[in-house]
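Below is one structure, written out as structure tokens; the observations come after it.
The values are calculated or read from the model by the stated rules, or taken from the named source; none is laboratory data. Model, not experiment: these values are computed from the prediction. Don't worry about glycine lacking a Cβ; one is built from the backbone with ideal geometry, like all the others, and counts go over all protein chains shown. These area figures cover heavy atoms from the full protein model, side chains too; ligands, DNA and RNA do not enter into them. Shrake-Rupley method; radii C 1.70, N 1.55, O 1.52, S 1.80 Å.
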Amino acid sequence: MFIAFNGPVPVTWLDFEAKVVGANDVDLNWSTASEENNNYFVVERSLDGEVFESVSKHINGAGNSSEVNHYNHVDLNVPNGVIYYRVKQVDFDGQFEYSEIRLVNIFEQRTVVVYPNPARNEVNIQVNGANGEQVRITNLAGQEVAASQVTSHGFVAIDATELPNGIYFVSIQSRWHNEIRKVIVQK
């Protein structure tokens, strides 16, 4: 269902698709069967499905056309979570209408590196895409032996000088999921 405002429908919409490409980019494609008095399109994004903001410049429309026209915009570095998209179509006289709303779900893409492994005096943890998340180190019995928070640079260093030789688990907890890596302390 396409929503029209302020007068007759100037565009016959064929489709509108939104799909995630890469880690945090969204490829938006739409097409029209015909256009009348169509000046431009603007892609809009929302984090809650209610308040939308423009994420594209004006994408020129075909003006008047009875042929199929295809349009595209890639929204880069989209935040994680459920994201809503719509396309605003604007006539030469300022009247407009909206496409249907499409949504995508951007999952948190992260890389966790624990080094050195085996560790002697310090366990370093680099987590891209993280900031302020809790890092815990537990022994094989599941007891917490150290804890810290990831810095704004996605890094944390944990002192291992008091840890006895053995196998430990590094756990990074976020609102999306929990990641666990194994580290060996060997002095």
Query raised in the report: Can you give the three extents of the C-alpha atoms in the chain along their principal axes, from longest to shortest, in whole Å?
Result: 76, 25, 23
Query raised in the report: Calculated FRET efficiency, residue 122 and residue 180, Cβ-Cβ r, R0 22 Å, to nearest 0.05?
Result: 0.70
Query - Relative contact order for region 68-113, counting Cα pairs under 8 Å that sit 6 or more residues apart, in percent - result: 38 percent
Report summary line: For the chain, the accessible surface attributable to carbon and sulfur atoms (probe 1.4 angstrom, ligands and nucleic acids excluded) amounts in percent to 49 percent
Query raised in the report: Heavy-atom accessible area per residue, the chain, 1.4 Å probe: how many Å²?
Result: 55 Å²
Query raised in the report: Quick one: net charge of residue 16's neighbours, Cβ under 13 Å, K/R +1, D/E -1?
Result: -2
Query raised in the report: In nm, to one decimal, how far is the modelled label at residue 165 from the one at residue 53, with both set 7 Å along Cα→Cβ?
Result: 5.5 nm
Query - Over the chain, relative contact order from alpha-carbon pairs under 8 Å, at least 6 apart, % - result: 17 percent
Report task. Over every pair of different alpha-carbon atoms in region 141-187, take the mean of 1/r and invert it; report that Kirkwood radius in Å. Result -> 12.1 Å
Query raised in the report: Between residue 68 and residue 98, what is the label-to-label distance in nm when each label sits 7 Å out along the Cα-to-Cβ direction?
Result: 2.8 nm
Requested in this report: Using θ = phi - 60° and the Karplus relation 6.51 cos²θ - 1.76 cosθ + 1.60, list the HN-Hα couplings for region 155-161 in order, rounded to whole Hz, with x at every Gly or Pro.
Outcome: 10, 8, 10, 10, 5, 10, 5
Report task. Considering Cα pairs under 8 angstrom that are at least six residues apart, work out the relative contact order of region 54-165 and quote it in whole percent. Result -> 17 percent
Query - Whole-angstrom gap from region 61-79 to region 91-120, using each part's C-alpha centre - result: 20 Å
Query raised in the report: Given a Förster radius of 41 Å and the C-beta distance between residue 37 and residue 105 as r, what FRET efficiency does 1/(1 + (r/R0)^6) yield to the nearest 0.05?
Result: 0.70
